[in-house]
1. What number of residues within region 252-265 are in a loop (DSSP other than H, G, I, E, B) and either within 10 Å of the ligand (Cβ to nearest atom) or touching a residue at least 60 places away in the same chain (Cβ under 8 Å) (or both)?
2. Taking region 168-212 as the search range and keeping residues that are surrounded by 14 or more Cβ atoms within 10 Å (Cβ to Cβ) and hydroxyl-bearing (Ser, Thr, Tyr), which one is nearest to SER157 (Cα to Cα)?
3. Restricting attention to region 57-74, report how many residues are part of a loop (DSSP other than H, G, I, E, B) and more than 18 Å from PHE2 (Cβ to Cβ).
4. Go through THR116, THR130, THR155 for me and flag whichever is surrounded by fewer than 13 Cβ atoms within 10 Å (Cβ to Cβ), among the β-branched types (Val, Ile, Thr) and at pLDDT 90 or above.
5. Sort through ARG43, ARG20, ARG67, ARG34 and tell me the only one that's out of contact with any helix residue (DSSP H, G or I) (no Cβ under 7 Å at 6 or more places or on another chain), closer than 16 Å to TYR10 by Cβ and charged (D, E, K, R).
6. Looking at region 241-248, is at least one residue assigned by TED's automatic domain parsing to the domain that holds GLN317, at pLDDT below 95, away from the ligand (no atom under 16 Å from the Cβ) and outside any helix (DSSP H, G or I)?
7. Search region 229-251 for residues that are farther than 11 Å from ILE261 by Cβ and pair each with any residue that is part of a strand (DSSP E or B) and within 8 Å of the ligand (Cβ to nearest atom) when their beta-carbon atoms are under 6 Å apart and the residues are at least 6 apart or on different chains.
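The values are calculated or read from the model by the stated rules, or taken from the named source; none is laboratory data. These numbers were taken from a predicted model, which means no experiment stands behind them. Here the Cβ positions follow ideal geometry from the backbone for every residue, glycine too, while neighbour counts run over all protein chains shown.
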Amino acid sequence: MFVKPIKIPYHIKQYEACLRRLAPGSTRNEVENRFKRCMAGFRGEQSITYFLDYLPDEEFLIFHNLRLFDKIHYFQIDWLIMCSRFSLILEVKNISGKLTIDHGLWQMIREIDGQTDIFDDPVLQAERLTEQLRKWLKQRFEIPDFPVESRVVITSSAQLQIDNQKDFSIRNIIRKSYLGKELDKINQLHTKSFIHQSDLRNMGNQLFTGHNPYVVDLFTLIKSLSPKDIINGVQCPNCGLSPMKRSLRYWHCDPCNHSSINAHLAALRDYYLLFGPNITNKQCRDFLLLDSQAVAKGILHSTGQNYYGENKGRIYQLSPDLLCNDR
Ligand SMILES: [Zn+2]
């Protein structure tokens, strides 16, 4: 069963929110490039769910995008598949062009349109993840010798070239089309059970709760991006223009004459993704382009889950439920 099904990761939603509120220019281009790169990776991960759907529900636990802490660093696994006999890490690469895996120098070289990019050796990356997951499991469970396998899955139609073909670990690189067969092979290879199904479920719960989503501090990561670049205002859900104007109880869009009672929710969702959950009455008025302190207070009371401080210094915490309202 999919314990943690495929979902667009939080940091991609952050880039998306940023793009909704940035004027054209070089900073927007940079955010757009990051968004496109991450989205291509996500699409690659998404494209293999077809093969994972065939794993029997009652036996396998499947996690997409698991980010765990090994007490020193965070490590992120694209797909983790577990059963009582083994666990399998799938490191997905959706990179187009000509890919040369140079296992001697631990690098992957991509050539496309006359341009060369260097990436980390994905086999080494997957092996490191294997060690980190082993350590993570060992810190919590007593299961000596529980096998942890890893494979690098190339989901693009990249032309692959592998230096040093004799290296055994190169066999851990497979193309997406071969994944079904590879899953069968790994399944047949491991016949011995190491844990009871109930313990496996417990393990699954701990992995699920141990997940820490990757949250980007956009204004630190992207040097040229300043909070001042973010375009404020409530966007019209009907025509997409902004800002909508607030009348007594409604948001109104002059160009298309549309009225909405809750158009501010999407704007506050963007605020949450860009700046985090903390917001003051003044920040709320500035972001939603509101004049009235009382209206902002009403909105914050209905969308905040908590607040602390008094009067002007009061800080509201926006509810994470806002993030569930996917557009
Ligand atoms: Zn409109």
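1. 7
2. Here the answer is TYR178.
3. Step one: of region 57-74, the residues part of a loop (DSSP other than H, G, I, E, B) are 57-60, 70-73.
Next, only the ones that are more than 18 Å from PHE2 (Cβ to Cβ) stay: 70-73.
Residues meeting the conditions: 4.
4. Details: THR130 fails: surrounded by fewer than 13 Cβ atoms within 10 Å (Cβ to Cβ); THR155 fails: surrounded by fewer than 13 Cβ atoms within 10 Å (Cβ to Cβ).
That would be THR116, the only listed residue that is surrounded by fewer than 13 Cβ atoms within 10 Å (Cβ to Cβ), among the β-branched types (Val, Ile, Thr) and at pLDDT 90 or above.
5. Every option except ARG67 fails the conditions.
6. yes
7. Taking only residues 6 or more apart or on different chains, not a single pair turns up.
This table checks each residue for (1) of a type in the set (A, V, I, L, M, F, W, C); (2) out of contact with any strand residue (DSSP E or B) (no Cβ under 8 Å at 6 or more places or on another chain).
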position: ILE6; (1), (2): yes, no
position: ARG34; (1), (2): no, yes
position: ASP53; (1), (2): no, yes
position: PHE60; (1), (2): yes, no
position: ILE77; (1), (2): yes, no
position: SER96; (1), (2): no, no
position: LEU99; (1), (2): yes, no
position: GLY104; (1), (2): no, yes
